[in-house]
Structure formats: C-alpha cells, structure tokens
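First comes the structure, then the notes that go with it.
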Amino acid sequence: MAKAKLKTAKPKSAKLKSSSSQRRRGAAPKRRSLQRTAARKRPAQKFTVSHHREEDFEGGLRRYAKYRDLGIANATSGMVRAHVIRFVPPCRPEEVSKRHYHDVDFQMVYVLKGWIKTELDGQGAIVMRQGSAWIQPPRIEHVVLDYSDDCEVLEVILPADFKTVELE
C-alpha cells in the first residue's frame, strides 16, 4: 500500500513546477484578480456608530415590535441592515403567530434579552434564550409562537431592503 502511494504522489519539485507553470499561464493571478474585482463592486462603506437611546425604538414592520435601526444600511449603501427588535408585551399569539418568510440572502438573529419561541420549517418549535443565535436560511417559512415580556433580539439581514411575505 505504501508503495502505491509513493508512485502516485508527485515529488515536491513537480508541485513547484506545476504551480510556477500556472503562474506563467496566469491562472493564479486571475483568481486573485477576480476576488479583487468582486470586492471593488461592493458599495463603499462608511464608519457609523449607534449608541443606545430609548427614543430610537420606533414602530416598524409589525405592531407587536419596536425597532432600533443601527445605521448599518446607510453605512453599507443598502448592503446590510442591522436592528434591535424589542417585542412589545404581552405576547398575543393571534397577532404574532402568522406564518411568513423573508426574501433575503442572509438573516441572522441573536437574543439579547429574554426568550423567544419560534417555529421554523423543518426544525419544529425552538425556544431561543438570551445568548442564542441562529441563521434563518433565505425564504424559510417560520412563525413566532411566544416571547417573554423583556425579549430583545439583534437581527442582521442582507440586503438591507427586503420583502416579507405573509402566508396566512
């Protein structure tokens, strides 16, 4: 078995020759060049800071939640949105438990305070507590089932402007 491995393995000099011949043909620089080009096509980003202020929590997508925009959408020219969502107590399942999905490329949620019970398609009902984080794949159907009176989450979404589609 060891002999077979030795016969099929390339000597170090062959590996060096192979990569140097790739450089001569331009394969490696093209790959790096494509990465730089992709990075250049992204919108310019600006420095921003958002300090906690109670008056920054405003109504938004849902009546049972207040949103504190963190200024990321403006700073990234619409590439990313980040906001803190504070759920308004008490939880009323008849209002919050509507199946929906978000037409996004990326969505991450992190529980800052309290807990939230949510059901995601294919995952069942899950209670997320302070310190829990999860990714909601694009267009995954989900529903909020319950939340604590002090529930707050951080949500990061790409792109900043997206559609929410209610299914019920």
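What follows is calculated from the coordinates using simple rules that are stated; it is not laboratory data. The shown structure was predicted, so the numbers you read here are calculated from the model rather than taken from an experiment. Note that each Cβ is placed from the backbone with ideal geometry, even for glycine, and that neighbours are counted across all protein chains shown.
Figures for the structure shown
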{"item": "Ranked MET128, MET79, criterion: other C-beta atoms within 10 Å, fewest first", "result": "MET79, MET128"}
{"item": "Separation of the THR48 and ALA133 label points, Cα + 7 Å toward Cβ, nm", "result": "2.0"}
{"item": "With 5 Å bins from 0: P(r) over segment 54-166, alpha-carbon pairs, percent", "result": "2, 12, 21, 28, 23, 11, 3, 0"}
{"item": "For ILE140, distant residues with modelled amide H under 5 Å away", "result": "HIS102"}
{"item": "Net charge dipole size for segment 54-166 [Lys, Arg +1 and Asp, Glu -1 on Cβ; Debye, nearest 20]", "result": "140"}
